[in-house]
């Protein structure tokens, strides 16, 4: 059974139920919304993998819903399939330009719709797997960014969220000196007016947790920190 969650946004109740039923038969978890406003409210509260979005909706139309999805950093990963009665090429182009991955023109075959949903989700999964960042390595230190796991000589090391972000940033920019102001901005999202000893404290704790590998984080006196560049990454 598939675990993907799909939101069907369609004001025609019969069409919405038909699509929901066929997606359910295919193993997907499908919910419905009858308006653009209802869809945006559900998207703010729940996580979805795909939105099947009718263009002609009361109030906020489908194109505006698509635009808002693509502008929201927390929702822009959601796949969008436009569902429209309009057959003109310009309408399809507008939807694709706003960021929709696919479109289906009414009337449509429920079987074809499900097949296109499957193909879209499958392509997205392959793309995600291929774009997953490779683990960062330095000697016996391995950082799996995707799984959020750090290990030293095959022993897992438990880091706080900030320690993890700090380590990843230093390793990704190995050999480069990163001053405290930049670290504060990129790791903590705060300005240099905040007490900068927080960087030193986190580096000290991070080094301690990494054991021998902690020596890979070098102090550049009067400036900041650098991850040693000449360590073997494999």
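Laboratory data are not the source of any read-out in this text; all were calculated from the coordinates shown. It should be emphasised that the depicted structure is a prediction, and the values quoted were computed from it without experimental measurement.
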Taking only Cα atoms, what is the 0 to 90° angle, nearest 10, from helix 13-25's long axis to the longest principal axis of the chain?
50 degrees
If I fit a long axis through the Cα atoms of helix 62-71 and take the longest principal axis of the Cα atoms of the chain, what angle between them do I get, 0 to 90°, rounded to 10?
0 degrees
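Over the chain, what is the relative contact order in percent, taking alpha-carbon pairs closer than 8 angstrom and at least six residues apart?
Values: 340 pairs, mean separation 29.2, N = 234.
Contact order relative to length: 12 percent.
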Once the mean 1/r over all distinct Cα pairs of region 5-131 is inverted, what Kirkwood radius in angstroms do you read off?
14.4 Å
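Please grab the % of Cα pairs in the chain that end up more than 29 Å from each other. The partial results should precede the final answer.
Working: 13079 of 27261 pairs.
Here the long-distance tail beyond 29 Å is 48 percent of all Cα pairs in the chain.
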Just for the chain, what percent of DSSP beta bridges are antiparallel, to the closest 5?
45 percent
Taking the Cα atoms only, what angle lies between the long axis of helix 36-45 and the longest principal axis of the chain, rounded to 10 degrees?
30 degrees
Can you compute the helix-only [θ] at 222 nm over the chain? Use -39500 (n - 2.57) per DSSP H run of at least 4 residues, normalise by all residues, nearest 500 deg cm²/dmol.
-12500 deg cm²/dmol
